[in-house]
Every structure is written in C-alpha cells, then in structure tokens.
Amino acid sequence: MTESIRTVCHGCRQVTQYRDDAGSIRPMVLPGSGTVWADRAPGGMVEQPCPECGDGEDPGWLPGFVSPV
Ligand SMILES: [Zn+2]
C-alpha cells in the first residue's frame, strides 16, 4: 500500500477562524473546491477554475508536498 501525500491547494484554499477550548482565535485552513473567485465585473465576483488545481483530478488538493507560497 502506497502512502499518498497531498497538500491543500494554496490557490483556492479558504481560511476560517475558530475559537479553541482556551478561548483563543485560531486560523483553520479549509481545502477549496478547485475554484477561485475573481473580482471581474463591477459589482460581480466570477467563479473560475483554480489555476493551480483546476485541471487536477482532485480539486482543492495537489499531489505531493507543496510548501506554502
Ligand atoms: Zn486550487
């Protein structure tokens, strides 16, 4: 059995915050869905495929280990 390594795509990931047991606000990374939102038209956000993982087999993730930019 091969261990598969994958990394949350840093292009479309989302970061949210949560409060831990000690009451501290901490960032939490959520994997994206392979799409990013681009601010295009006036007053409009356009959803488009993520340039990094959009054509991958596993949207939101990249194969192997990828260090954050
Ligand atoms: Zn991505």
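Rule-based calculations on the coordinates, nothing more; no lab input. Remember, it's a predicted structure, so these values are computed and weren't measured experimentally. Here Cβ is always computed from backbone atoms with ideal geometry, including for glycine, and neighbour counts include all displayed protein chains.
Taking all Cα pairs closer than 8 Å and separated by 6 or more residues, the relative contact order of the chain comes to 38 percent. Distances between placed amide hydrogens fall under 5 Å for ARG6 paired with GLY64, all partners being 5 or more residues away or on another chain.
So, R0 is 22 Å and r is the distance between the beta-carbons of THR16 and ARG40; what FRET efficiency does that work out to, to 0.05?
Details: r = 24 Å, r/R0 = 1.10.
The pair THR16/ARG40 has a calculated efficiency of 0.35.
Of ASP21, ASP39, ASP55, the residue with the greatest mean-square motion in the GNM of the chain, using alpha carbon springs below 10 Å, is ASP21. Once backbone amide H atoms are built at 1.01 Å from N, THR35 has CYS50 as its partners under 5 Å, excluding neighbours fewer than 5 places away on the same chain. GNM, the chain, Cα, under 10 Å: largest mean-square fluctuation among VAL46, VAL15, VAL36? Per the Cα network of the chain with a 10 Å cutoff, VAL46 tops the list. Taking θ as phi - 60° and the Karplus parameters 6.51, -1.76 and 1.60, the scalar couplings of region 26-35 work out to 10, x, 9, 8, 10, x, x, 10, x, 10 Hz in sequence order, x denoting glycine and proline. Computed over the chain, the quotient of the alpha carbon radius of gyration and 2.2 N^0.38 Å is 1.35.
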